[in-house]
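Structure first, then comments.
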Amino acid sequence: MGQFGIGQPVRRKEDVRLLTGQGQYTDDINIEGQAWAAFVRSSHANAKILGVDTSAALELPGVVAIFSGKDLEAAGVGVLINEAAYKNRDGSSMHKPPRQVMPTAQTRFVGEVLAIVIAESAELAREAAEAVEFDFESQPAIASTARALDADAPKVWPEFGTNQVVHWEYGDESSVEAKLKAAHTRVKVDLVNNRVAPSPMEPRCVVATYKAADNMLTVYSPTQGGRRLQTMLAKNLLKMPMDKVRIISHDTGGGFGVRSKMYPETVAVAFAAKQLGRPVKWRGDRVETFMSDYHGRDQINHAEMGLDAEGRIVALKLETLLNVGAYLSENGVRLPMEGGGRIIPGVYHVPDFYFSVRPLFTNTVCTDTYRGAGRPEANYITERLMDAAADACKLSREEIRRRNFVTQEQMPYATHLGFVLDSGDFAGTMDMALKAAHWDTFAERRKEAEARGKLRGIGLAVFIEGAGSRPVEGMRVRFEENGDVSVIAGTYSHGQGHATVYSQLVNEFLGVDYDRVKLINGDTANSPAMSNGSFGSRSSMVGGGGINRASKLIIAKGKKIAGHLLQADPEAVAFEAGVFKAGAGTMTIGEVAQASRDPKKLPDGVTPGLDEEVTYENDVENFPNGAHVVEVEVDPETGVLQIVGYVAVDDCGTVLNPFIVHGQVYGGVAQGVGQALTEDVLYDDDGQLLTASYMDYGMPRAKNMAHVEALFNVVPAKTNELGVKGAGEAGATGAPPAIVSALCDALTPYGIRHIDMPLTPEKIWRAIQAARTGKAA
Amino acid sequence: MTIDVTLKVNGVERSAKVEARTLLAELLRDHLKLTGTHVGCDTTQCGCCVVHLDGKAIKSCTILAVQAKGRSVTTIEGLAQPDGTLHPMQEAFREHHGLQCGFCTPGMVMMGADIARRNPGATEELVRHELEGNICRCTGYQGIVEAILSVANPDAVRKDHH
Ligand code: FES
Ligand code: FES
C-alpha cells in the first residue's frame, strides 16, 4: 500500500490510453447523420450591423440552415451573463452591458460570431459562410489598453460615455500618499502585463445532438467540468430543464482557465442541433481559436512603494488598468480584485495599501482567467517593486525581501482584502532556492560568460498564490459489483492526472488496490449534484478532501456492518489497510461492500450499500508559495536571451504525488517563460488581430526552456485536512518576475532596470543600443 | 473528383476515396477513423499530427493523402507491438511524465522516436533543437526531453528528481 499511497511518485494510469492514440477528444467524436457548422465572423472591430443577406449562401449545394443573432433572439435564446457587482466609490454600479450570443445591431471585435452556417460537410459550411453578406457601417475602434481612457478614444459602448467599466478602490489614497511622501525611500514602477493567448493545443470544438422525443440535448466539448456550463446553457441561454441538457468531455486537450467558459459558439451549435433535430459538429481551427478563445492578462500597472531607512515597507499604492475586451466575460473583470487581490501585496508585510482598479472596454475579444488568474499579475508588480526597492535602498535583492517577509510568527496573517495566510516559510523557501541555484557563486559564472562575450544575469522572485477557489465540491465513492471502486468526481481531470492521484488516495484511506480504483468524471449525467470542475488549483483540496471525508463515512459504516457480521461491538472494530478486524475475525472492505448489498446482513438502522457521496466544503482557500531563481545569458550583439538555469522551490503543502506536482511546476514555468519571452497578443490600431497563428504568436518551444530543477519546501496547510496547497498555477506566477529580474541583472552594465515583457531579442537589442548611444552622447 | 488511394497503414493495406485536396491527416482521421493523430493548427507549426511515412517523421497535415499512395504510414495506433507491449518511446513518455493532457502526445512520441533513431547519443540541447516543430502547452517539455533522451542517450538524463 505504501508504494501507491500519499507522497509516492506513482506513474500515471491515464498514460497508456493517451500514448496509444486511444484518447477521445471532442473532434474524435462523430455522430451518425451529423451536419457541420461554420461561423460567419466579424472582420470589423467596431461596426453597425445594417443587415444580413443569406440568400446566396442558402442556395449553395449542401447548405442546411443559417442562423444569425436575430434568429436566436426570435427563438428566445438568452444572453451570456456576468455576475460581478463592483461599485464606484460614490456607490454607483459598474457598467454591465448584456452580451448577446450573436449581436444583432453592433459588432465589437474582430472574430465575433455573427451567424452560424450548417451544411452537409465542413467544407460546404465554410464556403457558404463566406457567401453570407453582412452589411456593416464601420466605425472607429479602440484596441489599446493604454489609450482606452483617452477622452477622444472611440467608445465601445457609447451609451456609457466612457470605456471605464468601474473605478474600484480599496484603502485610503490620501493616507497612503502621505506615507509615501514621508517615506525614507520611494520607488515606483510602470509595468505592462502583456496580453497572452492561453492556447490549449486542442482547438475548440463542439458536437451537439438533440433527441426531440425526450427533449434531450447532449453537448460534447472540451471543458474543465461541465456542470456550470450545463447550468448556463439550460437556465440562461436555451431555457431548458437542467436534466435535459448534458455536457460531456471525455478528454480535453488542455484547459488553463480558458476552457471553463461558456462561448457563443457552444450556444449556437447547441441551438442549431436543437432547431434542426440533427447532430451538428463544429471544429474550430487555430485561427478561430486565437480570435475567439478568451485571452489572458493585459494590464497596465503603476505602483509605488515607500520604505523606511531600514528598507522596510511602509506603504504601497497600486493603480491597475485592465483590458476586459468588448464585453464582460464571466470572470475577467474580477481578476485584479478577487484573483490578485486575494494575495496582494504578496509575501510581504505592507502596513498601508491603496489599490485602484479600472477595468476598461476595448474592441478586442474578452480577457478572462488564464493560469494564475490575477495572481501572476499581482506578484509581478510586487516583485518588480522589490527589485526597484533593492536598488534604491542599496540592499541585495534577497535582503530587501528578507526584511519584509510576513513571518511564520505573524501567521495567521490577514491580508488587506480579507484573506488569511495560515502557513508558509517564505524566507526558508527563498533560501532553499538561492542555495540550490548557487546564488553566492554567481559572480564566477558571470565572469566566465563575459569571457564568451555573453551578459549573464541571475534573477529571483518570491511569490504567493491563492488556490482552491470556490471550495465546494461533490465527490462520490462507489463500490462496484466486481470489486472495483469508482470515484465519481465533481472535479474534471484534463491533464492533471486525477485518475492516478485519486486512486492513490483511495488506496491510502480505504486500502483498496490502486489498480482497482477508477475515475469517472466529465459527464454531467453522472457527476455529483455539486460539481464545479477543475480550475484555480482546487482539485487536490476539494477532490482529495472529498475522498477523505467520504472514506471516513465508509469506514464508520463499514465498522457497523463488519461488527454485526463478526458479532462484535462496532466500537471494537478496527480498520487498517483495507481490513476490518474484531478480535480474531476479519473482513476485507470488499467483503463488507459485498455484504452491505444484502439487507439481511445489515444491523438495524443501516441502509444497504457502502457507497458515499459528500459535498466537500471549506471556508477558506489555501496559499501555495514559492521562490524561483533563474539564470539567463544575453548576447549583446543580437539581443537573444537564453535561459541557462532554473530552480523552482515550491511550498505546495503536502505533496500527494511529487511526480505529477513537478509536472505542474514545469508546465506552469513554461507558460510563465512564454509570457516573459515570446508571447504577445497584438491588435493593430484598427482592432485587427495580428497574432492569429503559431507563425505570428510566439508559443514557447523546447529550446526556449531550460531544465528546471524543482524542489519542495513542504509546509502543510493548516486549513484543510490533507495539508495540501494547489500546485497548478505557481510556475506561471513565479517565472515572469524572476526572468525579468535576471535580464535586468544581466543588463546592469548598461544601467537598464526594466524592460516590459515579452523580452524579445529586438526589445533587448534596442534597449542596449539606446543605452550605448546614450552613453556615447 | 475523388481519387482512390491505397497505402499501408500500421502494416495493413487500406484504401479510401479522397478528394485531391484531402490531407493525409484527414485521410487518417476522417476516412480511416484513426483519431490518434491530432490536428492542432492550420500552419504546420504544432506537430500534433506527426506520423511516420516510410519510417520517417512527417507532419501529416502538410502532405496530401495522394502523396502517400503506395507508401507505408505508421501512426501512434501502430507504434506498440500487436500484443500491446509499448514502443520504448511510449514507455519512456510514461516513465518521464512526458504528457499531461495528451493532445500533443501522439505527435511528440512519433517525433521522439524519429529523433532517437536519427541521433543516438543525442545531447539535451540537440533534442530541444529537434523539437522545434512540436508544441506542447502542458508539460514545459521537461518530461518530453527526458523521455527522448532516455532512449537516445540514457546517460544524458539528469538525475535531480524522480
Ligand atoms: S496540425 Fe500539423 S503541424 Fe499542426
Ligand atoms: S500534454 Fe497537453 S499539449 Fe502536450
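I'd like the full set of residues that are under 26 Å from A:Thr218 (Cβ atoms) and more than 22 Å from the chain's Cα centre (by Cα), limited to the stretch A:507-559. So that I can check it myself, show each step before the final result.
Of all residues in the stretch A:507-559, those under 26 Å from A:Thr218 (Cβ atoms) come to A:518-535, A:539, A:543.
Answer for the stretch A:507-559, where residues must be under 26 Å from A:Thr218 (Cβ atoms) and more than 22 Å from the chain's Cα centre (by Cα): A:Lys518, A:Leu519, A:Ile520, A:Ala525, A:Asn526, A:Pro528, A:Ala529.
Report whether or not A:Pro658 is farther than 30 Å from A:Ala449 by Cβ, without any contact (Cβ under 8 Å) to a residue 24 or more places away in the chain and not charged (D, E, K, R). Talk me through it step by step, then tell me what you get.
On the way: farther than 30 Å from A:Ala449 by Cβ: yes; without any contact (Cβ under 8 Å) to a residue 24 or more places away in the chain: no; not charged (D, E, K, R): yes.
So A:Pro658 does not fit the description; no.
Taking the options B:Ala122, B:Ala57, name whichever one is modelled with pLDDT of 95 or more, within 16 Å of ligand 1 (Cβ to nearest atom), touching a helix residue (DSSP H, G or I) at 6+ places or on another chain (Cβ under 7 Å) and more than 30 Å from A:Arg259 (Cα to Cα). Give the derivation first.
Values: B:Ala122 fails: within 16 Å of ligand 1 (Cβ to nearest atom).
Going through B:Ala122, B:Ala57 in turn, the sole match is B:Ala57.
Tell me yes or no: at least one residue of the stretch A:24-36 is touching an Asp or Glu at 6+ places or on another chain (Cβ under 8 Å), more than 11 Å from chain B (Cβ to nearest Cβ) and acidic (Asp, Glu).
Within the stretch A:24-36 (the criterion being touching an Asp or Glu at 6+ places or on another chain (Cβ under 8 Å), more than 11 Å from chain B (Cβ to nearest Cβ) and acidic (Asp, Glu)), the answer is no, since none of the residues qualifies.
Go through the stretch A:270-289 residue by residue and tally those that are within 11 Å of chain B (Cβ to nearest Cβ) and hydrophobic (A, V, I, L, M, F, W, C). Walk me through how you get there before you give the answer.
Going residue by residue through the stretch A:270-289, those that are within 11 Å of chain B (Cβ to nearest Cβ) are A:283-289.
With the extra rule that they be hydrophobic (A, V, I, L, M, F, W, C), the set shrinks to A:287.
Residues flagged as within 11 Å of chain B (Cβ to nearest Cβ) and hydrophobic (A, V, I, L, M, F, W, C) within the stretch A:270-289 amount to 1.
Within the stretch A:476-520, can you find the residues that are assigned to a loop (DSSP other than H, G, I, E, B) and either more than 16 Å from ligand 2 (Cβ to nearest atom) or of a type in the set (S, T, N, Q) (or both)? It would help to see each step written out before you state the result.
Within the stretch A:476-520, the subset assigned to a loop (DSSP other than H, G, I, E, B) is A:480-484, A:490-497, A:511-513.
A:Glu480, A:Glu481, A:Asn482, A:Gly483, A:Asp484, A:Gly490, A:Thr491, A:Ser493, A:Gln496, A:Gly511, A:Val512, A:Asp513 - these are the residues of the stretch A:476-520 that are assigned to a loop (DSSP other than H, G, I, E, B) and either more than 16 Å from ligand 2 (Cβ to nearest atom) or of a type in the set (S, T, N, Q) (or both).
Inside the stretch A:258-356, counting only strands (runs of 3 or more DSSP E) that do not spill past its ends, which hold 2 or more residues that are in contact with a Gly (Cβ under 6 Å, 6 or more places away or on another chain)? Lay out the reasoning, then the answer.
On the way: elements: A:280-283, A:296-307, A:313-325.
Those strands (runs of 3 or more DSSP E) span A:313-325.
Among (1) in contact with a Ser or Thr (Cβ under 6 Å, 6 or more places away or on another chain); (2) open to solvent by less than 10 Å² (accessible area, probe 1.4 Å); (3) aliphatic (A, V, I, L, M), where does A:Val673 come up short?
Condition (1) is where A:Val673 drops out.
Over 29 Å from A:Ser356 (Cα atoms), in a helix (DSSP H, G or I) and assigned by TED's automatic domain parsing to the domain that holds A:Gly723: is that true of A:Asp431 in this structure?
Values: over 29 Å from A:Ser356 (Cα atoms): yes; in a helix (DSSP H, G or I): yes; assigned by TED's automatic domain parsing to the domain that holds A:Gly723: yes.
Yes.
Could you tell me whether B:His129 is at the interface with chain A (Cβ under 7 Å from one of its Cβ atoms), farther than 24 Å from A:Gln22 by Cβ, in contact with a helix residue (DSSP H, G or I) (Cβ under 7 Å, 6 or more places away or on another chain) and open to solvent by 10 Å² or more (accessible area, probe 1.4 Å)?
Considered against the rule, which asks whether it is at the interface with chain A (Cβ under 7 Å from one of its Cβ atoms), farther than 24 Å from A:Gln22 by Cβ, in contact with a helix residue (DSSP H, G or I) (Cβ under 7 Å, 6 or more places away or on another chain) and open to solvent by 10 Å² or more (accessible area, probe 1.4 Å), B:His129 comes out as yes.
So which residues in the stretch A:241-255 are within 16 Å of ligand 2 (Cβ to nearest atom) and either more than 14 Å from every other protein chain (Cβ to nearest Cβ) or open to solvent by 30 Å² or more (accessible area, probe 1.4 Å) (or both)?
At the first step, the residues of the stretch A:241-255 found to be within 16 Å of ligand 2 (Cβ to nearest atom) are A:249-255.
Matches in the stretch A:241-255: A:His250 only.
Go through the stretch A:196-221 and count every residue that is assigned to a loop (DSSP other than H, G, I, E, B) and within 16 Å of ligand 1 (Cβ to nearest atom). Give the derivation first.
Taking the stretch A:196-221 and keeping what is assigned to a loop (DSSP other than H, G, I, E, B), we get A:197-204, A:215, A:221.
Restricting the remaining residues to those that are within 16 Å of ligand 1 (Cβ to nearest atom) gives A:197, A:199-204.
Residues flagged as assigned to a loop (DSSP other than H, G, I, E, B) and within 16 Å of ligand 1 (Cβ to nearest atom) within the stretch A:196-221 amount to 7.
Sort out which residues of the stretch B:59-105 are closer than 21 Å to B:Cys138 by Cβ and basic (Lys, Arg), and write them in order of number.
Selection gives B:Lys59, B:Arg94.
Being among the β-branched types (Val, Ile, Thr), touching a helix residue (DSSP H, G or I) at 6+ places or on another chain (Cβ under 8 Å) and more than 15 Å from ligand 2 (Cβ to nearest atom), is that true of even one residue in the stretch B:103-112? Steps first, please.
Of the residues in the stretch B:103-112, the ones among the β-branched types (Val, Ile, Thr) are B:105, B:109.
Those left that are additionally touching a helix residue (DSSP H, G or I) at 6+ places or on another chain (Cβ under 8 Å): B:105, B:109.
Keeping just the survivors that are more than 15 Å from ligand 2 (Cβ to nearest atom) gives none.
Among the residues of the stretch B:103-112, not one is among the β-branched types (Val, Ile, Thr), touching a helix residue (DSSP H, G or I) at 6+ places or on another chain (Cβ under 8 Å) and more than 15 Å from ligand 2 (Cβ to nearest atom), which makes the answer no.
Which condition number does A:Glu319 fail, the rest of (1) in contact (Cβ under 8 Å) with a residue 40 or more places away in the chain; (2) open to solvent by 10 Å² or more (accessible area, probe 1.4 Å) being met?
Checking A:Glu319 against (1) in contact (Cβ under 8 Å) with a residue 40 or more places away in the chain; (2) open to solvent by 10 Å² or more (accessible area, probe 1.4 Å), the one that fails is (1).
Is there a residue being modelled with pLDDT under 95, more than 16 Å from ligand 1 (Cβ to nearest atom), part of a loop (DSSP other than H, G, I, E, B) and over 14 Å from the mean Cα position of the chain (by Cα) anywhere in the stretch B:88-108? Can you show your working first?
The first filter runs over the stretch B:88-108 and keeps only residues modelled with pLDDT under 95, leaving none.
Checked against the condition, which is being modelled with pLDDT under 95, more than 16 Å from ligand 1 (Cβ to nearest atom), part of a loop (DSSP other than H, G, I, E, B) and over 14 Å from the mean Cα position of the chain (by Cα), the stretch B:88-108 yields no hits at all.
Residue by residue through the stretch A:201-229, note down the ones that are away from chain B (no Cβ under 14 Å), open to solvent by less than 10 Å² (accessible area, probe 1.4 Å) and either within 16 Å of ligand 2 (Cβ to nearest atom) or farther than 27 Å from A:Gln671 by Cα (or both).
Within the stretch A:201-229, A:Ala208, A:Leu217, A:Val219 qualify.
Of all residues in the stretch A:447-468, which are open to solvent by 20 Å² or more (accessible area, probe 1.4 Å) and under 34 Å from the mean Cα position of the chain (by Cα)? If you could, list the steps in order and put the result at the bottom.
So in the stretch A:447-468, the residues open to solvent by 20 Å² or more (accessible area, probe 1.4 Å) come out as A:447-448, A:450-456.
Across the stretch A:447-468, the qualifying residue is only A:Arg456.
Considering only the stretch A:1-76, give the helices (runs of 4 or more DSSP H) lying wholly within it that have at least 1 residues that are more than 28 Å from the chain's Cα centre (by Cα) and at pLDDT 95 or above. Lay out the reasoning, then the answer.
Details: elements: A:15-19, A:55-59, A:69-74.
Qualifying helices (runs of 4 or more DSSP H): A:55-59, A:69-74.
With respect to the numbered conditions (1) away from ligand 2 (no atom under 16 Å from the Cβ); (2) free of Cβ contacts under 8 Å to residues at least 24 places away in the same chain; (3) aliphatic (A, V, I, L, M), which one is the sole condition not fulfilled by B:Val145?
So B:Val145 meets the others, but not (1).
Out of the stretch A:363-391, which residues are of a type in the set (Asp, Glu), within 18 Å of A:Ala467 (Cβ to Cβ) and open to solvent by 10 Å² or more (accessible area, probe 1.4 Å)?
none
Kindly list, by first and then second residue, each pair from a residue in the stretch A:195-219 that is closer than 30 Å to A:Glu377 by Cβ to a residue that is of a type in the set (Val, Ile, Thr) and more than 15 Å from ligand 2 (Cβ to nearest atom), limited to pairs with Cβ atoms under 6 Å and residues at least 6 apart or on different chains.
A:Arg195/A:Val681; A:Ala197/A:Val681
Looking at A:Gly340, A:Gly311, A:Gly346, A:Gly306, which is the one that is within 21 Å of A:His754 (Cα to Cα) and out of contact with any strand residue (DSSP E or B) (no Cβ under 6 Å at 6 or more places or on another chain)?
On the way: A:Gly340 fails: within 21 Å of A:His754 (Cα to Cα); A:Gly346 fails: out of contact with any strand residue (DSSP E or B) (no Cβ under 6 Å at 6 or more places or on another chain); A:Gly306 fails: out of contact with any strand residue (DSSP E or B) (no Cβ under 6 Å at 6 or more places or on another chain).
Exactly one of A:Gly340, A:Gly311, A:Gly346, A:Gly306 is within 21 Å of A:His754 (Cα to Cα) and out of contact with any strand residue (DSSP E or B) (no Cβ under 6 Å at 6 or more places or on another chain), namely A:Gly311.
Please find, among A:Ala738, A:Ala717, A:Ala770, A:Ala702, the residue that is at negative phi and surrounded by fewer than 16 Cβ atoms within 10 Å (Cβ to Cβ). Full working, then the answer.
Numbers: A:Ala738 fails: surrounded by fewer than 16 Cβ atoms within 10 Å (Cβ to Cβ); A:Ala717 fails: surrounded by fewer than 16 Cβ atoms within 10 Å (Cβ to Cβ); A:Ala702 fails: surrounded by fewer than 16 Cβ atoms within 10 Å (Cβ to Cβ).
Answer to the selection: A:Ala770.
So is B:Leu149 open to solvent by less than 30 Å² (accessible area, probe 1.4 Å) and out of contact with any Phe, Trp or Tyr (no Cβ under 9 Å at 6 or more places or on another chain) or not?
Working: open to solvent by less than 30 Å² (accessible area, probe 1.4 Å): yes; out of contact with any Phe, Trp or Tyr (no Cβ under 9 Å at 6 or more places or on another chain): yes.
Criteria met by B:Leu149.
Please tell me if B:Ile135 is out of contact with any strand residue (DSSP E or B) (no Cβ under 7 Å at 6 or more places or on another chain), open to solvent by less than 10 Å² (accessible area, probe 1.4 Å) and within 15 Å of ligand 2 (Cβ to nearest atom).
On the way: out of contact with any strand residue (DSSP E or B) (no Cβ under 7 Å at 6 or more places or on another chain): yes; open to solvent by less than 10 Å² (accessible area, probe 1.4 Å): yes; within 15 Å of ligand 2 (Cβ to nearest atom): yes.
So B:Ile135 passes the test.
Taking the options B:Thr74, B:Thr44, name whichever one is closer than 22 Å to B:Asp114 by Cα and within 14 Å of ligand 1 (Cβ to nearest atom). Full working, then the answer.
Values: B:Thr74 fails: within 14 Å of ligand 1 (Cβ to nearest atom).
Only one candidate qualifies: B:Thr44.
The values are calculated or read from the model by the stated rules, or taken from the named source; none is laboratory data. Predicted model, so just to flag it, every value in this text is computed and none were measured. We place every Cβ from the backbone using ideal geometry, glycine too, and count neighbours over all the protein chains shown. Just the protein is used for accessible areas: all its heavy atoms, side chains included, with ligands, DNA and RNA removed. Shrake-Rupley method; radii C 1.70, N 1.55, O 1.52, S 1.80 Å.
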